[in-house]
């Protein structure tokens, strides 16, 4: 996967780590593509959540797919899937809450966001189970069981 990474926070981000997660997701799906991963502040993700999801609260990850909503597919590795926004501060707090490493939680969030870009969702029970199983499989491959 070609992953454009943007860090709009003051924290250091491990580019190789993010790329490794993205490549694992891409291999598991069996399709290469392009996407962007953007690390943002609580304020910025809160604004995005309010504007696009009508939810006035901070969240951990948001995905904005550029795929045709009805088709949920893409044609080649040249296709740009969309953007994943991760709130680094929220991810840190969440990791502490669950007694996980930050790396483990970021792996989970990046995986979740990228799966949305590939067309996976969790609106129904069947969709949620399929997406969770795939997330768990990817987490296992990345040694985060």
Worksheet item: Inside region 1-25, can you point out the residues that are closer than 18 Å to residue 80 by Cβ and in contact with a strand residue (DSSP E or B) (Cβ under 9 Å, 6 or more places away or on another chain)?
Response: 1, 2, 3, 4, 5, 6, 18, 19, 22, 23
Item to complete: Go through region 6-30 and give me each residue that's in contact (Cβ under 8 Å) with a residue 12 or more places away in the chain and closer than 16 Å to residue 112 by Cα.
Response: 17, 18, 19, 20, 21, 22, 23, 24, 25, 26, 28, 29
Item to complete: Could you check, for region 97-111, whether at least one of its residues is surrounded by fewer than 16 Cβ atoms within 10 Å (Cβ to Cβ), modelled with pLDDT of 95 or more and farther than 24 Å from residue 141 by Cβ?
Response: yes
Response to the item:
Condition set assigned to a helix (DSSP H, G or I) and touching a strand residue (DSSP E or B) at 6+ places or on another chain (Cβ under 8 Å), scope region 103-118, selection nearest to residue 88 (Cα to Cα): answer is 106
Response to the item:
The condition of being part of a helix (DSSP H, G or I), crowded, with 16+ Cβ neighbours inside 10 Å, at pLDDT 95 or above and on the phi < 0 side of the Ramachandran plot holds, among 38, 21, 58, only for 21
Worksheet item: Only one of (1) farther than 15 Å from residue 1 by Cβ; (2) surrounded by 16 or more Cβ atoms within 10 Å (Cβ to Cβ); (3) at pLDDT below 95 fails for residue 90. Which number is that?
Response: (3)
Item to complete: Give the number of residues within region 49-64 that are over 24 Å from residue 14 (Cα atoms) and touching a residue at least 12 places away in the same chain (Cβ under 8 Å).
Response: 2
Response to the item:
Per the filter on region 113-131, residues touching a helix residue (DSSP H, G or I) at 6+ places or on another chain (Cβ under 8 Å) and farther than 13 Å from residue 28 by Cβ are 121, 122
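The values are calculated or read from the model by the stated rules, or taken from the named source; none is laboratory data. If you're wondering where the values come from, they're calculated on a predicted model, not measured in any experiment. Heads up, the Cβs are rebuilt from the backbone with ideal geometry, glycines too, and the neighbour counts pull from every protein chain shown.
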